[in-house]
1. Among the residues of the range 140-153, which ones are in contact with a Ser or Thr (Cβ under 9 Å, 6 or more places away or on another chain) and open to solvent by 60 Å² or more (accessible area, probe 1.4 Å)?
2. Just to check your reading of the model, which residue among Ala55, Ala114 is among the hydrophobic types (A, V, I, L, M, F, W, C) and in contact with a Cys (Cβ under 8 Å, 6 or more places away or on another chain)?
3. Out of the range 81-111, which residues are under 16 Å from His63 (Cα atoms) and free of Cβ contacts under 8 Å to residues at least 12 places away in the same chain?
4. Can you pull out every residue in the range 93-108 that is in a helix (DSSP H, G or I) and more than 21 Å from Ala139 (Cβ to Cβ)?
5. Taking into account only those residues within the range 74-93 that are of a type in the set (Gly, Ala, Ser) and surrounded by fewer than 17 Cβ atoms within 10 Å (Cβ to Cβ), which is nearest to Gly111 (Cα to Cα)?
6. Out of all the residues in the range 5-25, which are modelled with pLDDT under 90 and either among the polar types (S, T, N, Q) or under 18 Å from Arg82 (Cα atoms) (or both)?
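The values are calculated or read from the model by the stated rules, or taken from the named source; none is laboratory data. Not measured: the values here are computed from a predicted model. Here Cβ is always computed from backbone atoms with ideal geometry, including for glycine, and neighbour counts include all displayed protein chains. To get the accessible areas, we keep the full protein, side chains included, count just its heavy atoms, and leave off ligands, DNA and RNA. Shrake-Rupley method; radii C 1.70, N 1.55, O 1.52, S 1.80 Å.
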Amino acid sequence: RFTKDIIPSFEMQNKTILTILKDEERKKKLITCITLPPADWPYYSTKHKLDPKIAIPFLRSYHKSKKKFPRFKHYMLAFTERSLQQSSAEFSSAYKAQIMSGNRLVNLTGGLGADDWFLSESFGEIISIDHDKTLTEIAEWNLNALCIKNVERKYQSAEKFIAAYKSSPDDIFFI
């Protein structure tokens, strides 16, 4: 009995926007919800079995993301409210890509991956580290959605990564 009570709540904690985006039918419902007035989101998301605790924060963030990343407004990218707030804006990420280039970049603060999206055009390879497993999964989703193939995401602390990493002289570390 104890196990049955614990497992559902544990599974609920691990749900992210990816649980909706990976299911094509639910993803279509979410896209429809985006076009509705915010006052209708709770009713629509509940009616169409989109967990409102996941869908509504995403929908709020989605509209903000179009301003923060105008170049990517036509992609169904994933993010959390917090990751969107903490990520670099398109303008600053694009600027970094103009002033930095090289063979390999090691991004020790991968986060949502906005810098990686832009820097992937200026580097042959990017290794992007983040200690948050959910955020790493979201960033991988976004890289696939944007067809970016030269960024490798790693779920690990920067300290552990650096301790084990064999760098080359031309590596650039980004913090």
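1. Answer for the range 140-153, where residues must be in contact with a Ser or Thr (Cβ under 9 Å, 6 or more places away or on another chain) and open to solvent by 60 Å² or more (accessible area, probe 1.4 Å): Lys149, Glu152.
2. Only one candidate qualifies: Ala55.
3. Arg82, Gln85
4. Gln98, Ile99
5. Per the criteria, the residue is Ala89.
6. Result: Ser9, Gln13, Asn14, Lys15, Thr16.
One line per residue, one yes/no per condition, for (1) within 14 Å of the chain's Cα centre (by Cα); (2) crowded, with 20+ Cβ neighbours inside 10 Å; (3) more than 17 Å from Trp141 (Cβ to Cβ); (4) in contact (Cβ under 8 Å) with a residue 12 or more places away in the chain:
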{"position": "Asp40", "(1), (2), (3), (4)": "no, no, yes, no"}
{"position": "Tyr43", "(1), (2), (3), (4)": "no, no, yes, no"}
{"position": "Lys47", "(1), (2), (3), (4)": "no, no, yes, no"}
{"position": "Pro52", "(1), (2), (3), (4)": "no, no, yes, no"}
{"position": "Phe72", "(1), (2), (3), (4)": "yes, no, no, yes"}
{"position": "Gly113", "(1), (2), (3), (4)": "yes, yes, no, yes"}
